[in-house]
1. Within the group S92, S99, S87, which residue is closer than 22 Å to I48 by Cβ and among the small types (G, A, S)?
2. How many residues, within region 100-127, are of a type in the set (S, T, Y) and not in a strand (DSSP E or B)?
3. Cβ-Cβ under 7 Å, sequence separation 6+ or interchain: first residue in region 158-169 and among the β-branched types (V, I, T), partner in a loop (DSSP other than H, G, I, E, B). Which pairs?
4. Can you work out which of the residues in region 55-107 that are surrounded by fewer than 17 Cβ atoms within 10 Å (Cβ to Cβ) and in contact with a Leu (Cβ under 9 Å, 6 or more places away or on another chain) is nearest to I28 (Cα to Cα)?
5. W183 versus (1) at pLDDT below 95; (2) part of a strand (DSSP E or B): which is the lone unmet condition?
6. Residues of region 213-256 being in contact with a Ser or Thr (Cβ under 6 Å, 6 or more places away or on another chain) and either without any contact (Cβ under 8 Å) to a residue 12 or more places away in the chain or assigned to a strand (DSSP E or B) (or both), which ones?
7. Quick one: how many residues across region 191-201 are surrounded by fewer than 21 Cβ atoms within 10 Å (Cβ to Cβ) and either on the phi > 0 side of the Ramachandran plot or within 14 Å of the chain's Cα centre (by Cα) (or both)?
Amino acid sequence: MKLKSILTTIILFSGLTYAQDLTGLEVIQNVYNRPTGNDMTGNLIMTIENSRGNQRVRKIKQYVKTVKGGEKKIMFFLSPADVKNTSFMTWSYDEKGKSDDQWIYLPALKKVKRISSDSKGDYFMGSDFTYDDLGDRHPSDDNHTILREEVIDGKEIIVIESVPKDEEYMYSRTVTWVIKDSWIGLKKEFYDEDDELLKILTVEGQKSFGDVIILTKVKMNNVQRNQFTIMEFSDVQIDTGIPNNKFTERMMKRGI
């Protein structure tokens with residue numbers, strides 16, 4: 001599975017290479033092809049805090065599975081009552097140029113709704129993550145440039161700027177801070193259509209499972225809306241053998 005479907009460019013890659021030997025595209029390809037295990041299950045707490053300090057907390061069960069040609073992910077909302085039994089599913093594809101498929105089940109309507117391409121810039125369930133942020137953006141969708149190298153907390157960092165080839169894309173560009181050699185992303189900045197800073201994604205926790213690293217806490221700070229969303233994983237398990245039929249519209253309606 002590719003956990004970067006909630007965090008599109010947060011990364012892990014094995015091997016020892018150096019920025020001077022890589023292009024920006026190659027760094028992002030390493031991001032995209034990182035080893036993540038066959039599947040992952042975990043409990044997710046999504047906390048949304050607005051500018052007045054008011055919080056909304058949502059409990060979710062998530063399943064992710066690597067499949068031939070891509071990845072599948074499904075989330076089941078457990079609480080509070082106003083979102084309970086809502087579910088969200090994403091199918092991501094490794095095929096160049098093929099967009100993610102996404103669906104949401106709304107229990108009040110008893111209907112599974114497909115997320116259209118025009119709606120992928122909408123914020124997901126009131127959070128600071130868009131539907132597109134929760135997908136799996138292909139490296140070929142952007143032009144990638146190495147801006148510079150930095151040292152943060154004793155770690156050598158490669159800073160990558162990614163500019164979309166599609167001029168109509170919701171972000172004018174993103175900038176990602178990547179730890180050299182281990183290829184873990186520390187931070188990502190998102191810029192709006194006017195090239196103003198919109199959001200900052202940071203990693204605040206991680207857990208190792210052998211050579212696989214799972215990001216257990218991330219924060220999306222929306223600087224323009226003056227609010228943030230934290231996603232924190234617990235009870236994470238990998239390679240448990242999640243069946244393929246977990247990722248279907250029927251299961252979205254049925255629940256966990």
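The values are calculated or read from the model by the stated rules, or taken from the named source; none is laboratory data. All values reported here derive from a predicted model rather than from experimental measurement. Heads up, the Cβs are rebuilt from the backbone with ideal geometry, glycines too, and the neighbour counts pull from every protein chain shown.
1. On the way: S92 fails: closer than 22 Å to I48 by Cβ; S99 fails: closer than 22 Å to I48 by Cβ.
The unique qualifying residue is S87.
2. In the first step, residues of region 100-127 are kept if they are of a type in the set (S, T, Y); the result is 105, 116-117, 119, 123, 127.
Imposing the further condition that a residue be not in a strand (DSSP E or B) reduces the set to 116-117, 119, 127.
Residues flagged as of a type in the set (S, T, Y) and not in a strand (DSSP E or B) within region 100-127 amount to 4.
3. Note: pairs meeting the criteria are I158/K180.
4. Restricting to residues being surrounded by fewer than 17 Cβ atoms within 10 Å (Cβ to Cβ) and in contact with a Leu (Cβ under 9 Å, 6 or more places away or on another chain), the top hit is K59.
5. Result: W183 fails condition (2) only.
6. Those that are in contact with a Ser or Thr (Cβ under 6 Å, 6 or more places away or on another chain) and either without any contact (Cβ under 8 Å) to a residue 12 or more places away in the chain or assigned to a strand (DSSP E or B) (or both): K219, M220, Q227, T229, I230, F233, Q237.
7. Within region 191-201, residues that are surrounded by fewer than 21 Cβ atoms within 10 Å (Cβ to Cβ) and either on the phi > 0 side of the Ramachandran plot or within 14 Å of the chain's Cα centre (by Cα) (or both) number 2.
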